[in-house]
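Below: the structure, in structure tokens.
The values are calculated or read from the model by the stated rules, or taken from the named source; none is laboratory data. Please read these numbers as outputs of a predicted model, since none were measured by experiment. Here Cβ is always computed from backbone atoms with ideal geometry, including for glycine, and neighbour counts include all displayed protein chains.
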Amino acid sequence: MIASVLVANRGEIACRIFRTCRELGIRTVAVHSDADENALHARVADTAVRLPGAAPARTYLRGDLIVKAAVASGADAVHPGYGFLSENADFARAVIDAGLVWIGPPPEAIEAMASKTRAKELMGIATLAEVGEADLPVLVKAAAGGGGRGMRIVRRLAELNAALEGARAEAASAFGDGEVFVEPYVEGGRHVEVQILADTHGTVWALGTRDCSLQRRHQKVIEEAPAPGLTSGLTDSLHEMAVRAAKAVDYVGAGTVEFLVAGDKAHFLEMNTRLQVEHPVTEAVFDIDLVALQIRVAEGHALEEEPPRARGHAVEARLYAEDPASEWAPQTGHLHRLSVPDSVRLDTGYEDGDDIGVHYDPMLAKAVAHAPTRAEAIRKLAGALERATIHGSTTNRDLLLRSLRHKEFTTGRMDTGFYDRHLDELTTTTSDPHAPLAAALAEAAQGRSRFGGFRNLPSQPQTKRYETAAGEEHEVRYRHTRAGLEADGVRVVHAAADLVVLEVDGVQRKFKVARYGDRVFVNATALTALPRFPDPTAQHAPGSLLAPMPGTVVKVAEGLAVGAAVKAGEPLLWLEAMKMQHKVSAPVTGTLSALHVVPGRQVTVGSLLAVVEET
């Protein structure tokens, strides 16, 4: 029997595995980088072990350090989670060779399927050795790992070499393996996958289907189970192919077989020899705990001959600290508050007061709703996200809400090009016009409670200025009167430091207000309080290129130097943050008058990278 489990991972998945271990009475061991010393997964584990000597972004790829940590902590089993070393056969062997139980598939099965090129060969599917005009569009893809890293769509032959170079660099950074391959890109396809679970006694379960078509940068955003709109014949075919893939490599444990579905045809993509990020929707539909079953299988227990029956529908949304309107730029900073209604399941690696760092994936949490029907599950999840309290960095919460309520999604007609078609409409800002006034009244009410509000004569209007996340400035006015606070155009029903009630056109509206320094959150609207007298020294010259996020400059455009002519939108340099590369382009057409960075330079948010003088 397994008594102690070390999770060779971090964040949300480590916390989720620890939760099941606690329920089973199993002691938990966390590992952490220096950057993660105070992270939630390190805090909630029974024991935490520091992994020394490696850069934060690569710490969790040091299998030798993790095995030493497992032995030193007295753990008798290792769970890899997902990402990092979860599909690394050498790491699995090292765990087994150290006398520990590996909660995962045999190393030979990982080896057979971890390389997508070898997996396709095993399934009898060829990749493209050479690419011509007739093959376009194609997809450049990392042979190891997943999560959308090391992937590029190529629609013009002239872009192929740059896509190969960028994919190799990103894959090497994320997985320690820069091998990539090229395959045809199917336009208008849906990403559908089958969850499998196999024991050591020859039983393989196919646990339904999942649809993961809503993706950005080839990384999933919204997932659901079962995949809507599939015929029973296609579903049976997907199950059969998934079971065949598992049996072909004598698979053991949890895994996922992924397909691209176009019409009634399914194209095999890959087999992920690990637990998937989206596994909770399968757990909800089948009323199981996949982590508990992984542990049982690793202990040698047999599965029932037939899997449990599915019931209802489940939808999951990934909450990211990112700005979808700015090329999905990841966001860092302080997470003041994260609270989601209890009506949905929340898997997260953060608590109130945690910092969102630059070194790792920007996912904050996964929210999962289960209901008897798909429509009810979607409504339940959207309602919970709308009522969620998220105070801190910019997130994709509004995008998730609009996606869940978009007709193409609610009718089940989405595909992997959903955000290519609809991103602009889904990211159009609609700040609440009354939020700035509510922020000002809350501050005024707090000041009045501290210092009193009596005025012998009618007071002059008070003025406050706020800026929205989209950069819009709002000036609001209000008055202190003997009857209380007043504002033009609305009736102030109630005003306190944390709650303002306004009557607008005869309808009372409630505004929950929270303030953190100059940052103010009014319901779902984030505002920045502006100073009464702006600092003129804080301005940058026109054409200044500022770092949109903290990160490392990994590349400067070839031949770029001061005095060079550049065009608006032309890539000038690339930043690496949260294991992804982000292109920084010229803001205007003109001449590069200053270049302040070189490859390898670390920058913070707002750092001046370059200046382009407009022609």
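Yes/no matrix, rows are residues, columns are (1) assigned by TED's automatic domain parsing to the domain that holds MET549; (2) of a type in the set (Phe, Trp, Tyr); (3) more than 27 Å from ASN523 (Cβ to Cβ):
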| site | (1), (2), (3) |
| --- | --- |
| ALA262 | no, no, yes |
| ASP289 | no, no, yes |
| GLN294 | no, no, yes |
| GLU306 | no, no, yes |
| HIS313 | no, no, yes |
| TYR320 | no, yes, no |
| PRO324 | no, no, no |
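Looking across the stretch 400-436, just one residue is surrounded by fewer than 21 Cβ atoms within 10 Å (Cβ to Cβ), of a type in the set (Gly, Ala, Ser) and within 19 Å of the chain's Cα centre (by Cα), and that is GLY417.
Each residue in the stretch 191-226 was checked for being more than 26 Å from GLU130 (Cα to Cα) and either more than 20 Å from the chain's Cα centre (by Cα) or of a type in the set (D, E, K, R) (or both), and 24 pass. Applying the criterion of being in contact with a helix residue (DSSP H, G or I) (Cβ under 8 Å, 6 or more places away or on another chain), assigned to a loop (DSSP other than H, G, I, E, B) and in contact (Cβ under 8 Å) with a residue 24 or more places away in the chain to the residues of the stretch 1-57, the residue that is farthest from GLY349 (Cα to Cα) is ILE2. Say whether the condition of being surrounded by 24 or more Cβ atoms within 10 Å (Cβ to Cβ), aromatic (Phe, Trp, Tyr), assigned to a loop (DSSP other than H, G, I, E, B) and not assigned by TED's automatic domain parsing to the domain that holds PHE259 is met by at least one residue in the stretch 75-87. Checked the stretch 75-87: at least one residue is surrounded by 24 or more Cβ atoms within 10 Å (Cβ to Cβ), aromatic (Phe, Trp, Tyr), assigned to a loop (DSSP other than H, G, I, E, B) and not assigned by TED's automatic domain parsing to the domain that holds PHE259.
For the stretch 1-56, the candidate set comprises residues that are among the polar types (S, T, N, Q) and farther than 19 Å from ALA72 by Cα; within that set, the residue that is farthest from the chain's Cα centre (by Cα) is THR20.
How about the stretch 330-344: which of its residues are surrounded by fewer than 19 Cβ atoms within 10 Å (Cβ to Cβ) and either assigned by TED's automatic domain parsing to the domain that holds ASN38 or not in a loop (DSSP other than H, G, I, E, B) (or both)? Scanning the stretch 330-344 gives GLY333, HIS334, ARG337, SER339. In summary, strands (runs of 3 or more DSSP E) completely within the stretch 506-615 and bearing 1 or more residues that are touching a residue at least 60 places away in the same chain (Cβ under 8 Å) and surrounded by 15 or more Cβ atoms within 10 Å (Cβ to Cβ) occur at 507-516, 519-522, 525-529, 544-546, 551-556, 571-577, 580-585, 608-614.
Residues that are touching a residue at least 40 places away in the same chain (Cβ under 8 Å) and crowded, with 19+ Cβ neighbours inside 10 Å within the stretch 346-356 comprise ASP347, THR348, GLY349, TYR350, ASP354, listed in sequence order. Every listed requirement among (1) at pLDDT below 95; (2) under 20 Å from ASP420 (Cβ atoms) is met by LYS220 save one, (1).
Answer yes if at least one residue in the stretch 359-379 is buried (at least 21 other Cβ atoms within 10 Å of the Cβ), more than 16 Å from the chain's Cα centre (by Cα), assigned to a loop (DSSP other than H, G, I, E, B) and in contact (Cβ under 8 Å) with a residue 24 or more places away in the chain, and no otherwise. No: zero hits. Residue count for the stretch 18-41 satisfying the condition of being crowded, with 19+ Cβ neighbours inside 10 Å and closer than 17 Å to LYS68 by Cβ: 5. Only residues that are of a type in the set (Ser, Thr, Tyr) and over 26 Å from the mean Cα position of the chain (by Cα): list them for the stretch 547-603, please. Answer for the stretch 547-603, where residues must be of a type in the set (Ser, Thr, Tyr) and over 26 Å from the mean Cα position of the chain (by Cα): THR589, THR591, SER593.
From the list ALA92, ALA69, exactly one residue is touching a Phe, Trp or Tyr at 6+ places or on another chain (Cβ under 9 Å) and part of a helix (DSSP H, G or I). Which is it? Every option except ALA92 fails the conditions.
Are any of the residues in the stretch 363-386 at pLDDT below 95, over 30 Å from ALA487 (Cβ atoms) and not aliphatic (A, V, I, L, M)? Within the stretch 363-386, none of the residues are at pLDDT below 95, over 30 Å from ALA487 (Cβ atoms) and not aliphatic (A, V, I, L, M).
Any residue in the stretch 241-259 that is more than 21 Å from GLY81 (Cα to Cα) and in contact (Cβ under 8 Å) with a residue 60 or more places away in the chain sitting within a Cβ distance under 8 Å of a residue that is among the hydroxyl-bearing types (Ser, Thr, Tyr) and outside any strand (DSSP E or B)? List the pairs, counting only those 6 or more apart or interchain. Once the first residue is more than 21 Å from GLY81 (Cα to Cα) and in contact (Cβ under 8 Å) with a residue 60 or more places away in the chain and sits in the stretch 241-259, its partners that are among the hydroxyl-bearing types (Ser, Thr, Tyr) and outside any strand (DSSP E or B) give ALA245/TYR251. Restricting the stretch 315-329 to residues that are closer than 24 Å to THR373 by Cβ and not aliphatic (A, V, I, L, M), the residue that is surrounded by the most Cβ atoms within 10 Å (Cβ to Cβ) is GLU316. Given the conditions (1) under 29 Å from PRO330 (Cα atoms); (2) modelled with pLDDT of 90 or more; (3) outside any strand (DSSP E or B), report the number of the one that ALA497 does not fulfil. Failing condition for ALA497: (1).
Conditions (1) free of Cβ contacts under 8 Å to residues at least 40 places away in the same chain; (2) closer than 30 Å to ILE2 by Cα; (3) surrounded by fewer than 21 Cβ atoms within 10 Å (Cβ to Cβ); (4) under 28 Å from the mean Cα position of the chain (by Cα), marked per residue:
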site	(1), (2), (3), (4)
ALA92	yes, yes, no, yes
ALA98	yes, yes, yes, no
MET123	no, no, yes, no
ALA142	yes, no, no, yes
VAL154	yes, no, no, yes
ALA162	yes, no, yes, yes
GLU165	yes, no, yes, yes
ARG168	yes, no, yes, yes
